[in-house]
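Some notes on the structure that comes next.
The values are calculated or read from the model by the stated rules, or taken from the named source; none is laboratory data. Remember, predicted model here, so these are calculated numbers, not experimental data. Every residue, glycine as well, gets a Cβ built from its backbone with ideal geometry; the counts of neighbours run over all protein chains shown.
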Amino acid sequence: MSKNIVAKTGNEAMAEAMRQINPDVVAAYPITPATEVVQLFSQFVADGNVKTDFVTVESEHSAMSATIGASAAGVRAMTVTSSQGLALMNEMLYIAAGLRLPIVMPEVNRALSSPINIHCDHSDTMGARDTGWIQIYSENSQEAYDNVLQTVRICEHAQVKIPGMVTTDGFIISHCMERMEMIADNEVKNFIGEYRPERYLLDIKKPYTLGSLDLQDYFFEHRMQLAQAMCNTGKIILEIGKEFGDKFGRKYGFYEKYHLDDAEIAILVMGSTAGTAKVVVDQLREKGIKAGLLKLRVFRPFPYRELAQELAHLKVLAVMDRADSIDSFGGPLFDEVRSAMYDLKDKPQTVNYIFGLGGREINLEMIEGVYTQMQDIAKTGEIPQRVNYLGVRE
């Protein structure tokens with residue numbers, strides 16, 4: 001593989017991945033902080049660098065509707081959004097998944113209003129967690145680029161055929177420049193391959209009905225098929241992650257472990273905060289503290305069996321949520337991780353830290369404080385407070 005070392009923002013990285021994928025149709029409506037992805041891609045279209053039909057629409061709901069139509073017609077189709085845009089798409093997200101359309105959507109994480117906020121948290125994608133879309137989270141620009149390329153293969157796989165979104169943290173990754181490695185255009189083309197749908201609406205030789213009325217007689221069975229497809233996706237994600245690693249040197253799985261195997265206390269987190277937490281882990285290890293980290297990359301399908309196995313040996317686990325369920329018992333990631341460990345005979349004490357809402361800063365000292373609190377819990381066996389709000393002014 002020829003190496004092309006460049007400096008790119010997260011938005012530029014995802015736009016470049018889209019250019020190399022060269023989708024047949026992109027329908028989009030701009031929204032901060034994802035606007036730049038389609039702005040850059042529209043320039044690729046204008047310059048003749050891709051053969052994409054670029055469709056400008058009047059809303060994010062229309063963007064997803066047009067993308068669904070294009071995918072159903074038999075072409076490779078993509079869109080991009082963030083925050084309120086993803087929420088406005090919500091109706092159509094369910095339809096894209098239910099129709100088993102392999103749409104890929106870069107999504108830049110941003111808080112949902114109200115109050116109005118344009119900065120990062122994960123409330124937008126957490127709000128879409130049960131729509132039937134694959135969800136893959138990125139720590140940095142490199143992962144954003146690699147994840148978009150892999151997700152095309154994953155979604156289009158014969159055993160999957162469901163849509164997927166690839167996320168980056170708004171502004172923290174989307175607008176910050178860092179060193180990354182791009183793959184040559186021809187190598188990406190060979191890895192992605194041509195899109196050959198098994199059936200599509202414009203194939204007049206094999207007509208079929210798509211999106212028809214589905215009442216008591218069959219709706220349940222069709223939803224079960226979608227659930228089974230999501231379950232099948234796990235092994236495909238691992239297969240394609242290994243293939244990507246064999247070809248390009250960067251292997252991907254459901255998660256990344258960092259000093260986890262011999263850890264006594266550990267944090268589980270998604271997105272850019274993992275990079276900050278790794279620095280704290282290194283500092284604590286120098287002091288002889290057995291601290292570790294698990295960075296969850298794949299949230300849907302949720303790898304509950306694998307997580308339970310990886311976390312069972314810990315004394316204390318802190319699950320860090322960049323979203324709040326607005327209920328009485330923690331964030332969405334905490335709920336699912338704790339449920340995954342329920343059947344373990346011996347399980348870690350598990351606490352939740354909701355952090356970074358609306359772009360609130362998360363720094364080394366705050367993360368070190370989480371590890372300090374876990375040390376106290378490990379010594380005493382007592383949890384003063386199960387759900388904590390980290391960095392909020394009270």
- Scan ALA323, ALA291 and give me the residue that is under 22 Å from ASP124 (Cα atoms) and either crowded, with 22+ Cβ neighbours inside 10 Å or in contact (Cβ under 8 Å) with a residue 12 or more places away in the chain (or both). ALA323
- Query: In this structure, is ALA70 in the same structural domain as LEU210 (by TED's automatic domain parsing), farther than 16 Å from TYR195 by Cβ and either modelled with pLDDT of 95 or more or in a helix (DSSP H, G or I) (or both)?
  - Reply: no
- Task: Look at the stretch 230-271 and say how many of its residues are within 25 Å of PHE191 (Cβ to Cβ) and among the acidic types (Asp, Glu).
- Result: 4
- Query: Looking only at the stretch 342-365, which residues are surrounded by fewer than 20 Cβ atoms within 10 Å (Cβ to Cβ) and more than 26 Å from SER114 (Cα to Cα)?
  - Reply: TYR342, ASP343, LEU344, LYS345, ASP346, LYS347, GLN349, LEU364, GLU365
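Every residue, every condition in (1) assigned by TED's automatic domain parsing to the domain that holds ILE183; (2) modelled with pLDDT under 95; (3) not acidic (Asp, Glu), yes or no:
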position	(1), (2), (3)
SER212	yes, yes, yes
GLN216	yes, no, yes
ILE236	yes, no, yes
ILE240	yes, no, yes
GLU243	yes, no, no
ASP261	no, no, no
VAL269	no, no, yes
- Task: From VAL166, VAL108, grab the single residue that is more than 18 Å from PRO301 (Cα to Cα), β-branched (Val, Ile, Thr), within 18 Å of the chain's Cα centre (by Cα) and not in a helix (DSSP H, G or I).
- Result: VAL108
- Message: Out of ALA63, ALA97, I need the residue that is touching a residue at least 12 places away in the same chain (Cβ under 8 Å), closer than 23 Å to ALA13 by Cβ and part of a helix (DSSP H, G or I). Which one?
- Response: ALA63
- Item | Extreme residue, surrounded by the fewest Cβ atoms within 10 Å (Cβ to Cβ), among residues of the stretch 40-61 that are out of contact with any Phe, Trp or Tyr (no Cβ under 7 Å at 6 or more places or on another chain) and under 14 Å from MET78 (Cα atoms) | LYS51
- Task: Mind listing whichever residues of the stretch 18-30 are of a type outside the set (S, T, N, Q) and either surrounded by 24 or more Cβ atoms within 10 Å (Cβ to Cβ) or over 16 Å from VAL166 (Cα atoms) (or both)?
- Result: MET18, PRO23, ASP24, VAL25, VAL26, ALA27, ALA28, TYR29, PRO30
- Note on the structure: Considering residues that are closer than 18 Å to THR67 by Cβ and in contact with a helix residue (DSSP H, G or I) (Cβ under 8 Å, 6 or more places away or on another chain), the number found within the stretch 43-52 is 3
- For the stretch 1-59, enumerate the residues that are of a type in the set (Asp, Glu) and more than 22 Å from GLU178 (Cα to Cα). ASP24, ASP47, ASP53, GLU58
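The rows are residues; the columns are (1) of a type in the set (Phe, Trp, Tyr); (2) at pLDDT 95 or above; (3) out of contact with any helix residue (DSSP H, G or I) (no Cβ under 8 Å at 6 or more places or on another chain).
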site: GLY10; (1), (2), (3): no, yes, no
site: GLU16; (1), (2), (3): no, yes, no
site: VAL25; (1), (2), (3): no, yes, no
site: TYR29; (1), (2), (3): yes, yes, no
site: THR35; (1), (2), (3): no, yes, yes
site: PHE41; (1), (2), (3): yes, yes, no
- Given the conditions (1) farther than 30 Å from SER114 by Cβ; (2) in a loop (DSSP other than H, G, I, E, B), which single one is not true for GLY330? (1)
- Message: For the stretch 2-54, which positions are without any contact (Cβ under 8 Å) to a residue 24 or more places away in the chain and among the β-branched types (Val, Ile, Thr)?
- Response: THR35, VAL45
- Task: Give me a count of the residues in the stretch 297-318 that are surrounded by 20 or more Cβ atoms within 10 Å (Cβ to Cβ) and outside any helix (DSSP H, G or I).
- Result: 11
- In the stretch 261-283, the residues that are buried (at least 21 other Cβ atoms within 10 Å of the Cβ) and over 22 Å from the mean Cα position of the chain (by Cα): ALA263, ILE265, VAL280, VAL281
- Query: In the stretch 24-43, what residues are in a strand (DSSP E or B) and either charged (D, E, K, R) or over 21 Å from the mean Cα position of the chain (by Cα) (or both)?
  - Reply: VAL25
- Residue, nearest to LYS189 (Cα to Cα), within the stretch 128-163, restricted to residues that are hydrophobic (A, V, I, L, M, F, W, C) and part of a loop (DSSP other than H, G, I, E, B): ALA158
- Query: For the stretch 161-182, how many residues are surrounded by fewer than 24 Cβ atoms within 10 Å (Cβ to Cβ) and touching a helix residue (DSSP H, G or I) at 6+ places or on another chain (Cβ under 6 Å)?
  - Reply: 2
- Message: Go through (1) loosely packed, with under 15 Cβ neighbours inside 10 Å; (2) part of a helix (DSSP H, G or I) for VAL392 and report which single condition fails.
- Response: (2)
